[in-house]
Amino acid sequence: MKHSFRLFVFALAVVSFASCSRQVTRVSPDQQIDLSGRWNDTDSKLAAEALIDQVLNQGWISDYQKEFNKKPVVTVGLIMNKSSEHIDADTYIKDIEKAILNDGRVRLVQAGAKREELRQERADQQDFASKETIKKWGRELGADFILQGDITSIIDSYKKEKVRYYQLNLELTNLETNELVWIGDKKIKKYVNR
């Protein structure tokens, strides 16, 4: 009887452990999955698509090309997260940068930490590279415009219901004149019922 009881307890433990195991399934990156109701990859994709469409289909590009007879140069500045969540702006900013580059009407230069890394590499070359391959100082392409923005959120809840509202704002500013040449936004609203 003791042996049967021990066998029963062991079998129960195995079944209990097996039911708690985690299962991971690969899914398409295009598949929309929303588990928590918080900001996720689908929201990032929707934001990037909307903002790409807005920034590339406004008149600022053609206006600049008519006036200066060259492609405008853009750098991406700070995207401030003013939301109540951790939101990595890089996930949609990289999509916007890629679309700008692929469009071909705008030139894009590095900003922030990446630009500093490039400058450090150039400084290292002054001491360690051959004279024939040293990259010279003072040849960086200056940006004509800077893209900046913020992400804000509002959360409203009552009992088991919650509404999450996100607004992404981007602005393109002429670096020489401080003139705003484009403003775009994307709004996302989610209803969560638990």
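Just one of the listed residues (ASN102, ASN69) is over 20 Å from SER44 (Cβ atoms) and not aromatic (Phe, Trp, Tyr), namely ASN69. Within region 155-174, the set of residues being more than 30 Å from ILE33 (Cβ to Cβ) and free of Cβ contacts under 8 Å to residues at least 60 places away in the same chain comprises GLU171, THR173, ASN174. Of note, ALA143 does not satisfy the criterion of being open to solvent by less than 70 Å² (accessible area, probe 1.4 Å) and modelled with pLDDT under 95. Of all residues in region 149-188, exactly one satisfies the criterion of being surrounded by 14 or more Cβ atoms within 10 Å (Cβ to Cβ) and in a loop (DSSP other than H, G, I, E, B), namely LEU175.
Restricting the first residue to region 138-154 and requiring it to be touching a residue at least 24 places away in the same chain (Cβ under 8 Å), which pairs with a second residue that is among the small types (Gly, Ala, Ser) and in a strand (DSSP E or B) meet a Cβ separation below 6 Å and a spacing of at least six or different chains? These pairs meet every condition: ILE146/GLY77; GLN148/GLY77. Taken as a whole, the condition of being open to solvent by less than 90 Å² (accessible area, probe 1.4 Å), of a type outside the set (Phe, Trp, Tyr), part of a loop (DSSP other than H, G, I, E, B) and out of contact with any Leu (no Cβ under 7 Å at 6 or more places or on another chain) applies to SER36. Whether any residue in region 71-78 is loosely packed, with under 15 Cβ neighbours inside 10 Å, under 13 Å from the mean Cα position of the chain (by Cα) and not aromatic (Phe, Trp, Tyr) is what I want to check. Looking for residues that are loosely packed, with under 15 Cβ neighbours inside 10 Å, under 13 Å from the mean Cα position of the chain (by Cα) and not aromatic (Phe, Trp, Tyr), one finds at least one in region 71-78, hence yes. Scanning region 84-121 for residues that are surrounded by 16 or more Cβ atoms within 10 Å (Cβ to Cβ) and touching a Phe, Trp or Tyr at 6+ places or on another chain (Cβ under 7 Å) returns a single hit, ILE87. In region 96-121, the residues that are farther than 27 Å from LYS186 by Cβ form Cβ pairs under 7 Å with partners that are assigned to a loop (DSSP other than H, G, I, E, B) and of a type in the set (S, T, N, Q), at six or more places apart or across chains, as follows: LEU118/GLN110. Restricting to region 39-50, name every residue that is touching a strand residue (DSSP E or B) at 6+ places or on another chain (Cβ under 9 Å), buried (at least 17 other Cβ atoms within 10 Å of the Cβ) and without any contact (Cβ under 8 Å) to a residue 60 or more places away in the chain. Scanning region 39-50 gives a single hit, ALA48. If the condition is being more than 29 Å from SER153 (Cα to Cα) and basic (Lys, Arg), then region 53-92 contributes LYS66, LYS70, LYS71.
The values are calculated or read from the model by the stated rules, or taken from the named source; none is laboratory data. The structure presented is a predicted model; accordingly, all values stated were derived computationally and were not measured. Positions of Cβ are generated from backbone atoms using ideal geometry, with glycine treated the same way; all protein chains shown enter the neighbour counts. For the accessible areas, the whole protein counts, side chains as well, though only heavy atoms, and no ligand, DNA or RNA atoms are used. Shrake-Rupley method; radii C 1.70, N 1.55, O 1.52, S 1.80 Å.
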